[in-house]
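Enquirer: Quick one: structure below, then a few questions.
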Amino acid sequence: MAAKFFLIALLALSFSRARAPDPSQLQDFCVADRTSQVFVNGFACKDPKAAEVEDFFFSGLHMSGNTSNKQGSAVTAVNVAHIAGLNTLGISLARVDYARYGQNPPHIHPRASEILTVVEGSLYVGFVTSNPENKLFSKVLNKGDVFVFPQGLIHFQYNCGTKKAIAIAALSSKNPGVITITNAVFGSKPSISDDIIAKAFQVDKKIVDHIQAQF
């Protein structure tokens, strides 16, 4: 009986580790060595004795992003590419600026869940569940409100206020990745056949060609 419970516990532990977004560190820290030629899932560690305080520091989130683009938003990411000390820690951060009526268009983070808080302004946010339900969970957020976007689900934010908006997002991966739906579908290189996209969206190919031309 004891052996049975031990096996169940071992399987449960293995399952929980397999689901972890990032591998856990086996030492105090594992500062990313971006010069290493070793290919691993993430970054190899540099010698801990060579670590310095700047490996754990970033400055710049106080600065507004440039929102003068078609979407009217700007994301300032702070991940392992910006702070080497984030390697293996399973966390990252981002500031998102929104112009009036700007949006962070529908996208997914393939390797992270996200928790977002509004610092300034008002945002209409939401995410859509997977097939077949495709249920939309959405809400208007104001300053100080917090919303969660589960890993891998399509989500968005839209500035529904009359002034600029700012949000801070924390993500459960040192390198969460981002796939913007429109960019992936209509702007892939090489392009997805317009026959395929037209059939998927049930529209004329001329409409697809027009949208693809924007990317």
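The values are calculated or read from the model by the stated rules, or taken from the named source; none is laboratory data. In this text, all values refer to a predicted model and were calculated from it rather than measured experimentally. We work out accessible area using only protein heavy atoms, side chains counted, and drop any ligands, DNA or RNA first. Shrake-Rupley method; radii C 1.70, N 1.55, O 1.52, S 1.80 Å.
Enquirer: Please work out how much accessible surface residue 204 shows to a 1.4 Å probe, ignoring ligands, DNA and RNA, in Å² rounded to 10.
Expert: 90 Å²
Enquirer: For the pairs 49/174; 164/206; 70/139, flag any whose C-alpha to C-alpha distance is greater than 26 Å. Intermediate results must be reported in sequence, preceding the final value.
Expert: On the way: 49/174 22 Å; 164/206 36 Å; 70/139 24 Å.
From the list (49/174; 164/206; 70/139), the Cα-Cα distance tops 26 Å for 164/206.
Enquirer: Another question, if that's okay. Just the C-alpha atoms of region 42-138: what Rg/Rh do they give, with Rh taken as the Kirkwood radius? Write out the running numbers ahead of the final one.
Expert: Details: Rg = 16.8 Å, Rh = 16.1 Å.
Value, to two decimals: 1.04.
Enquirer: Could you work out the relative contact order of the chain, using alpha carbon pairs under 8 angstrom and six or more residues apart, expressed as a whole percent?
Expert: Across the chain, relative contact order equals 20 percent.
Enquirer: Okay, moving on. What is the diffusion coefficient of the chain in µm²/s, taking the Kirkwood radius over Cα pairs and the Stokes-Einstein relation at 25 °C with a viscosity of 0.890 mPa s? Intermediate results must be reported in sequence, preceding the final value.
Expert: Numbers: Rh = 19.9 Å.
It diffuses with D of about 123 µm²/s by this estimate.
Enquirer: Taking 2.2 N^0.38 Å as the expected size of a compact globular protein, what ratio does the Cα radius of gyration of region 97-161 give against it, to two decimals?
Expert: Values: Rg = 11.7 Å, N = 65, 2.2 N^0.38 = 10.7 Å.
Here the answer is 1.08, to two decimals.
Enquirer: Then there is this: Considering only protein heavy atoms and a probe of 1.4 Å, how much of the accessible area of the chain is carbon and sulfur, as a whole percent?
Expert: On the way: 8180 of 13460 Å².
Here carbon and sulfur together make up 61 percent of the probe-accessible area.
Enquirer: May I ask you to give the solvent-accessible area per residue for the chain, in square angstrom, as obtained with a 1.4 angstrom probe? Could you put the intermediate results ahead of the total?
Expert: Details: 13460 Å² over 215 residues.
Per-residue accessible area for the chain comes out at 63 Å².
Enquirer: Using the C-alpha gyration tensor of region 52-101, what are the square roots of 5 times its eigenvalues, in whole angstrom, with the largest one first?
Expert: Values: eigenvalues 138, 24, 10 Å².
Ellipsoid semi-axes (Å, largest first): 26, 11, 7.
Enquirer: Could you work out the Rg to Rh ratio of region 144-204, with Rh taken as the Kirkwood radius (inverse of the mean 1/r over all Cα pairs)? Intermediate values should be presented prior to the final figure.
Expert: Values: Rg = 16.2 Å, Rh = 15.1 Å.
Here the Rg-to-Rh quotient is 1.08.
Enquirer: Rounded if a/c is under 1.5, else prolate if a/b is larger than b/c, else oblate: which is region 80-131, with a ≥ b ≥ c the root eigenvalues of its Cα gyration tensor? Before the final figure, lay out the partial values.
Expert: Working: a/c = 2.50, a/b = 1.38, b/c = 1.81.
Oblate shape, in that a/c is at least 1.5 and b/c is the bigger or equal ratio.
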